[in-house]
Each structure stands twice: as structure tokens, then as C-alpha cells.
């Protein structure tokens, strides 16, 4: 297994180094996507399958698509990174010293850290939480308040983007590239199937709202690329889109308040009902996350 | 036992295809030839690896899932290759002709 | 002295953890340098993404305790990935806004 570890480490270092040091914006973004894929493999190696699923869909997929589209929208004068190219050799020595120093300090600190963990505590309360899979139980019940704020952060990001400018529709690709439309048509049932599978699996195995939302969001980006965008501009669907974007946060807040009414503490769910609450929040949060990732891709507010 | 041996043999058999496609990616003269090398040889190599893993899988369901991965990858890589070559053609990179001077020879 | 210290540390935590901790440290240092020295804003954004990946790697490494895998850091990293992509999207939208002439809506 040491060989696999070494290979993964070298691949991650190579892609990250090329992303940060080589000239060329497009090359840098492509290397970041490759880096995301390597990181997904590293998560699998470190026994974090939930993180690997989310990283493969978001880190390698959606972040790369966002960056590539943004680079394509930039004026030609902004697409070059060439002036950095000449400065690299002169900065090389101080950069190496800083990297070795900071890296060494971080590494020594990291290895000296005591690893306490909450494994036993979580195993003790897992039967009361309403989910059999520990990560889902933590996200949606035990530390639900963190996830609530995290979805609020995402909603704030959507609000910030919508207040900036009108949507920048992606270029209409379906006329020049007919294969893309066919691919989207073929893959969409599979995206929906994977989404439902992850949601269903989330309570007892790796999966859950975040990977499901990420997969559906990636499918949504594919839809936007093939020009299926008109519905967002229609008044009725635009209202529906707003409600769905807020659905995760609203349901989460409602659950927290219901917990306050039923048990007297914010987000204190009674154990016998926790399972139903978790499923409801999971579906709403996954839909909201998927639509938020999809609307990020427009860099603005869809309005006719 | 037989399944394991067959699986290992299939995975070993995939290695020449990957080596061939990597050599093709590095040595072929233009985008289209490189895409050809990547999509053809890599798909066969990955198919052999998937078959080798599916033979060793514990249950039929797991084996079918592994084969499904191959199917999805075939779909994605063929569409991706079409997209890359169409966009290369549209942005003015005509395919190399038979009597063109090979500028990349020996590199 | 340093080699003996390193050996004892590796002995405590295992080779895999030590290797990936080293990777995370180098990635974090590289990304920090790039974050402060890069000229192009998009390059800084890429550095920020790599820095967040390095931090996630450190967090996941702390999850590998002697009692088994601790799920709390995994949940933290899962939310962190989504927050990182939100940040990227907002920065890109701000950056694109700079080059558009139309009034805000």
C-alpha cells in the first residue's frame, strides 16, 4: 500500500504545483480539476467515502466548470498569465525556503497532535439519532446547527450573486455540438437514479444529502450547457426556483423550532421521530444544494 | 481461485493497451490522432480491468456495477472525444495531411 | 536528533498518516505562498482552493484515531467543501461583474 500512497502523494503534488506555478490560465484550471480527482482518490484511501463522493462531484466537476466558464467570459487581455512566467526563477529560492519552513512546522505540529476523537461518544448516541450512518447522524441531527448555518451561507452566496448582475447565459452549445445534447439526454435518468439512491442510502451507508445534491447539481450544469435554460426565466418557474432554493434552510429552521417546542432545547429532536425529520430535511437540503450549485453557474440572476 | 487467476490475467492483459495509448498521446502529431489513441486503446484497457475486477467480485450485483462503470465511461469518453475534435476543427486546427512536414518528429 | 524524532513520530502515527500529513503541509505552504504572491486574481482563487483542500486533508487525518474512524471531522469537511465552492462562485461573479458594462439588477 505504500506504493499507492506515494503515487497519490506525487500526483497531488505534481498537479497542485502545475496549477500554481506554470503559465496559462486554462492549463492551471485543468490541473486544478485533475487535483480534485486525485484528492477524491486520497479520501477513499483515508476511509472517508462520503467526502470522496462530494469531492468527485464538486471539487473535480462543478468548481472546474465554474472556473472554465468564468475564464471563457473574461476579456482577452485578462486571460494571460505570461508576466508571472518570467518572475518564477527569481522568486524560486525564497519560495522554497518558505515552503520548507511552513511545511515542516505544520507537519511536526500535525504529527504531535493528540488524536482524541469522539468515536465512543457518537457510537453511544447513534441509536437515538434517527440515522444508522454516523456522518449523516452528525450532519442532520447531532450537529445539525452547523449544517443549518452552512446552508444559510450557501443561500447568502446565491443572494450575493443575484444582487450583482443579470445572469450570464452559457454559450449555446447544442447547435455546434450535437453530441452534448444526446449525452445529457442519456445521462439524465442516471443522474436522477443516483440522486435517489444516495438519498435512500444516506441513513445507513455513505451517501446522503451532500453527495446527492452535488450529483444532481452537476447534472443541472450539464442541462444549462445544452441550452435547457428558458424555464428559469419564466415567472412561474422563477418563483418556484426561489422557494426551492430556500426550502432546505426553511425546513431546517422549522425542525429546529419544532425541537424547541417538543423537547425544550433548540434542535432537540425526540428520538422516536428523529428518523422522519432526518428524511424530510435530507430531501429538502439535497434539492436546495443541487439548485444552488446550478444557479452559481449563471453568475447572476435569471430575469427576463 | 479460477476467478482470481482469470481476473489477474485480464488486468495484466490491459497493461499493453494503456502503454500503447500513453505512447500515442505523447508521440502522435495532432489532436485527432492523439484522441484516437486515447479513446480506442484506453477504453479497451479499462474494459479489461473492469472485466478482471468483475470476475473477482463477491456477488453478481457488484460485478454488474463494475461493468456499468465501463459502459458509462465509454459513453462519456466517446462524447468527450467528439466535443474536443469538433471544437479543434471549429477553431482552425485542420487534420494533418499525408505529405505535411512532421514538425513534432523526434520530440 | 531530528531523524530520531521523526522516526518516533512516524512510529506513533503510521507511515500513511505521516506521508499524507507531509503532503498536506507542503500543499498548504505552496498555496499560501501563491496566495500572497500571484498577480492574477484567478490564480489566487486556485491557490485558495488548494489551501482549502490541504486543510481538509489535515482534518481528515485527525479523524483516524486509535479507536477507529471519527465521523465528526468527515462531517465538517463535507460542509467545508460546499462552502468552498460557494466562495469560489461568489468571487468569480464579482470578478466577472468588473468587466460588464450593464447596470446591476
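The values are calculated or read from the model by the stated rules, or taken from the named source; none is laboratory data. None of the values given here were measured: they were computed from a predicted structure. Here the Cβ positions follow ideal geometry from the backbone for every residue, glycine too, while neighbour counts run over all protein chains shown.
Checked against (1) without any contact (Cβ under 8 Å) to a residue 24 or more places away in the chain; (2) over 28 Å from residue A:131 (Cβ atoms), residue A:226 meets all criteria but (1). Looking only at the range A:255-270, decide whether some residue is within 26 Å of residue A:184 (Cα to Cα), surrounded by 14 or more Cβ atoms within 10 Å (Cβ to Cβ) and in contact with a helix residue (DSSP H, G or I) (Cβ under 6 Å, 6 or more places away or on another chain). No: the range A:255-270 contains no residue that is within 26 Å of residue A:184 (Cα to Cα), surrounded by 14 or more Cβ atoms within 10 Å (Cβ to Cβ) and in contact with a helix residue (DSSP H, G or I) (Cβ under 6 Å, 6 or more places away or on another chain). A count restricted to the range B:60-79 and to residues that are closer than 19 Å to residue A:219 by Cβ and without any contact (Cβ under 8 Å) to a residue 12 or more places away in the chain stands at 6.
Do you know which residues across the range C:46-56 are more than 7 Å from chain A (Cβ to nearest Cβ) and buried (at least 22 other Cβ atoms within 10 Å of the Cβ)? C:54, C:56 - these are the residues of the range C:46-56 that are more than 7 Å from chain A (Cβ to nearest Cβ) and buried (at least 22 other Cβ atoms within 10 Å of the Cβ). Pairs meeting the criteria (first residue in the range C:7-22 and at the interface with chain A (Cβ under 8 Å from one of its Cβ atoms), second residue at pLDDT below 90 and surrounded by fewer than 18 Cβ atoms within 10 Å (Cβ to Cβ), beta carbons under 6 Å, at least 6 apart or on different chains) are C:18/C:10.
Taking the criterion of being under 15 Å from residue B:20 (Cβ atoms), crowded, with 16+ Cβ neighbours inside 10 Å and free of Cβ contacts under 8 Å to residues at least 60 places away in the same chain, would at least one residue in the range B:48-59 satisfy it? Looking through the range B:48-59, at least one residue is under 15 Å from residue B:20 (Cβ atoms), crowded, with 16+ Cβ neighbours inside 10 Å and free of Cβ contacts under 8 Å to residues at least 60 places away in the same chain. Based on this model, can you work out whether residue A:298 counts as closer than 18 Å to residue A:155 by Cα, at pLDDT 85 or above and in a helix (DSSP H, G or I)? Against the criterion (closer than 18 Å to residue A:155 by Cα, at pLDDT 85 or above and in a helix (DSSP H, G or I)), residue A:298 does not qualify.
When the range A:1-48 is limited to residues that are more than 9 Å from every other protein chain (Cβ to nearest Cβ) and under 25 Å from residue A:135 (Cα atoms), the one that is surrounded by the fewest Cβ atoms within 10 Å (Cβ to Cβ) turns out to be A:44.
Hey, among A:98, A:122, which residue is over 29 Å from the mean Cα position of the chain (by Cα) and either at positive phi or at the interface with chain C (Cβ under 7 Å from one of its Cβ atoms) (or both)? Spell out the reasoning first.
Details: A:122 fails: over 29 Å from the mean Cα position of the chain (by Cα).
Every option except A:98 fails the conditions.
Within the range A:253-295, being touching a residue at least 60 places away in the same chain (Cβ under 8 Å) and outside any helix (DSSP H, G or I) holds for A:266, A:267, A:269. In the range A:282-302, the qualifying residues are those that are over 15 Å from the mean Cα position of the chain (by Cα) and more than 20 Å from residue A:230 (Cα to Cα), and the one that is nearest to the other protein chains (Cβ to nearest Cβ) is A:282. Residues of the range B:1-26 that are touching a residue at least 24 places away in the same chain (Cβ under 8 Å) and either over 15 Å from the mean Cα position of the chain (by Cα) or surrounded by 17 or more Cβ atoms within 10 Å (Cβ to Cβ) (or both): B:3, B:4, B:6, B:7, B:8, B:9, B:10, B:11, B:14, B:17, B:21. Checking each residue in the range C:73-105 for being within 7 Å of chain A (Cβ to nearest Cβ), closer than 26 Å to residue A:38 by Cβ and buried (at least 20 other Cβ atoms within 10 Å of the Cβ) picks out C:74, C:75, C:77, C:78, C:79, C:81, C:82, C:85, C:86, C:88, C:89, C:92. Can we say residue A:53 is free of Cβ contacts under 8 Å to residues at least 40 places away in the same chain and either more than 7 Å from chain C (Cβ to nearest Cβ) or not in a helix (DSSP H, G or I) (or both)? It is false that residue A:53 is free of Cβ contacts under 8 Å to residues at least 40 places away in the same chain and either more than 7 Å from chain C (Cβ to nearest Cβ) or not in a helix (DSSP H, G or I) (or both).
For the range B:70-88, the count of residues that are crowded, with 16+ Cβ neighbours inside 10 Å, over 30 Å from residue A:175 (Cβ atoms) and under 22 Å from the mean Cα position of the chain (by Cα) is at least one.
Select from the range A:14-24 the residues that are in a helix (DSSP H, G or I) and farther than 10 Å from residue C:46 by Cα and write down the one among them that is nearest to the chain's Cα centre (by Cα). Residue satisfying both the conditions and the ranking: A:15.
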